[in-house]
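See below for the structure under consideration.
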Amino acid sequence: MSSKKETPAHALLSASSAERWLNCPASVRLSEGMPDLAGDSAREGTLAHAIAELKLRKQYTEPMGKATFTRRMNKLTKDNALYNPEMQRYTDQYLEFVNSITYAQTTAPFVEVEKKVNYSAYAPEGFGTVDCIVIHGNHLWVIDFKYGKHNKVDAEDNSQLKLYALGVLADYGFIYPIQTVTLCIVQPRMDNIVQWDTEVAALYQWGNEVVKPLAEEAYAGGGECVPGKHCQFCPVKPVCKAYAGKYDVKEEEIKDPQMMNASEMAQMLAKLEGVVNYHKKLKEYALTKALEGLTIPGFKVVEGRSTRSFKDLDAAFQKIKEAGFDESLLYERVPLTLTGVEKLLGKNQFDSLLAADVVKPQGKPTLVPEDDKREPFKPKSAAEVFKDIQV
Ligand code: SF4
């Protein structure tokens, strides 16, 4: 048995969860030992990152021939149920973004892919991996590729990227005269490519005055549970009482016994925001525990619904044909969706051939909290609605 101490895959005070532990330090120790409920989308993101990494390595740090590149790409994608060809397009967009920075410099910049960083000077045992860094002169770019398609990630004041930047400065701050740091998020599935500039002095101040005390409190297991937006990916969420308190709706809060007024509706909406997702997470967690043997009073585990399918589709269809049915009756002809056509043609050909044929109807009005970044809904006039419809 090796006497070497294994380095854990993720830091306790990870950069990706910094927004959470900076707002709720207690969540760090409470999360220990909680089951990992990461679904297919997290695994899909890991695969997309591996593809993106290979492309960047080929371009910047490990020049390789076509055969080697193809072999390594196939190793990642072939027979991988999580692979979708659209990953190529999205990772190309990421590569193009990095190229747009490096090609704009007057001399070749320093580029590092999957850079391991250590920010333990600010957060105990803090380390992580940055997708890509570029350094030129006194300028550092910290670039993070995001594959999610549900939550838009902002670059402005992004705690994860700021911690990465502090880690990069710990390694390279003595070698390069870095003054300006640009934090970049490339989230192609949401058309979200954003960046934000800050100064090294501001980062050091944030690291020392904000991160250090909160990280120490979190590491020591101190602090109260403080619910908020940062709870979204917290592993404690399914069983956290502070979070559950959000849904603790008391009857006396509704003053008129028959009808709510606008402010009561607002209070109730704020309380119920996210309740469906919370219920789903709690159910997943409880199922995991029940399968481990925990009795949850009033609940039991049963077999879920499943759908019938042919053991061998070809053999079954052969029997149908032998029974006298024409093969054409066994298949439906369905048109490709717009996304399917775009995949088939590629974005450039799709745009040049079909741009004028695409209409995007106005989205359904949706009620969201006031701080949502989308523009308020403006109903289209009848003339605008019918503009694209030819009679
Ligand atoms: S769910 Fe929210 S309040 Fe509860 S521990 Fe996690 S971050 Fe803190």
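Here, each number is a calculation from the coordinates, and none is a lab measurement. Predicted model, so just to flag it, every value in this text is computed and none were measured. Backbone-built Cβ (ideal geometry, glycine too); neighbour counts: all protein chains shown.
Numbers for the structure displayed
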{"item": "Computed [θ] at 222 nm, deg cm²/dmol, the chain (DSSP H ≥ 4; -39,500 (n - 2.57); rounded to nearest 500)", "result": "-11500 deg cm²/dmol"}
{"item": "Percent of Cα-Cα distances greater than 14 Å, calculated over the range 40-89", "result": "51 percent"}
{"item": "Rounded to the nearest 20 debye, dipole of the range 116-168 from Cβ charges on Lys, Arg, Asp, Glu", "result": "140 debye"}
{"item": "Mean separation of Cα contacts under 8 Å, 6 or more apart, over the residue count of the range 18-219: relative contact order %", "result": "23 percent"}
{"item": "Contact order relative to length of the chain, as percent, for alpha carbon pairs under 8 angstrom and 6 or more apart", "result": "17 percent"}
{"item": "Options 74, 186, 124, ranked by Cα towards positive dipole end of the range 18-219, top entry (Cβ charges)", "result": "74"}
{"item": "Among the listed pairs 146/380; 55/78; 146/241; 75/347; 115/149, those beyond 28 Å (Cα-Cα)", "result": "146/380; 146/241"}
{"item": "Convex hull volume of the chain per residue (C-alpha atoms, cubic angstrom)", "result": "304 Å³"}
{"item": "Candidates per chymotrypsin sites (Phe, Trp or Tyr not before Pro) in the range 292-351, loop by DSSP, up to 16 other Cβ within 10 Å", "result": "299, 310, 325, 331"}
{"item": "Efficiency of FRET from Cβ geometry, residue 220 and residue 156, R₀ 30 Å, rounded to 0.05", "result": "0.50"}
{"item": "Gained length - residue 41 relative to residue 84, 0.36 nm times residue gap less alpha-carbon distance", "result": "14.3 nm"}
{"item": "Estimated dipole of the range 18-219 in Debye, rounded to 20 [Cβ of Lys and Arg +1, of Asp and Glu -1, Cα centre]", "result": "840 debye"}
{"item": "Size of electric dipole in the chain: Cβ of Lys, Arg +1 and of Asp, Glu -1, about Cα centre, debye, nearest 20", "result": "980 debye"}
{"item": "Qualifying lysines (Cα of each under 17 Å from Cα of residue 212; at least 8 residues distant if same chain)", "result": "162"}
{"item": "Length released on extending from residue 338 to residue 66, taking residue separation times 0.36 nm less the Cα-Cα span", "result": "94.7 nm"}
{"item": "Sites matching trypsin sites (Lys or Arg not before Pro) across the range 25-108 that sit in DSSP coil, with at most 13 neighbouring C-beta atoms within 10 Å", "result": "78"}
{"item": "Simple label model, 7 Å out from Cα along Cβ direction - residue 138 to residue 120, nm", "result": "3.2 nm"}
{"item": "Rel. contact order, % - alpha carbon contacts under 8 angstrom, at least six apart, the range 109-176", "result": "32 percent"}
{"item": "FRET E, pair residue 262, residue 373, Förster distance 30 Å, beta-carbon r, rounded to 0.05", "result": "0.80"}
{"item": "Potential extension, residue 366-residue 100 segment - 0.36 nm per residue separation minus Cα distance", "result": "92.1 nm"}
{"item": "Pairwise centroid distance, computed over Cα atoms, of the range 50-92 with the range 158-195, Å", "result": "24 Å"}
{"item": "Shape box of the range 290-391 [Cα atoms, principal axes, largest first, Å]", "result": "55, 54, 28"}
{"item": "FRET efficiency, residue 331 to residue 354 (Cβ-Cβ, R0 45 Å, nearest 0.05)", "result": "0.95"}
{"item": "Amide N of the range 336-369 lying under 11 Å from the label point, which is placed 7 angstrom from the Cα of residue 384 along Cα→Cβ", "result": "362-363"}
{"item": "Exposed GluC sites (Glu not before Pro) absent: longest stretch of the chain, with sites in DSSP loops and at most 16 other Cβ within 10 Å deemed exposed", "result": "33-124"}
{"item": "Pairs of alpha carbons in the range 18-219 whose separation is greater than 21 Å (percent)", "result": "56 percent"}
{"item": "Share antiparallel - DSSP beta bridges, the chain, percent rounded to 5", "result": "75 percent"}
{"item": "Whole-Å semi-axes of the range 3-131's equivalent ellipsoid (Cα gyration tensor)", "result": "30, 21, 15"}
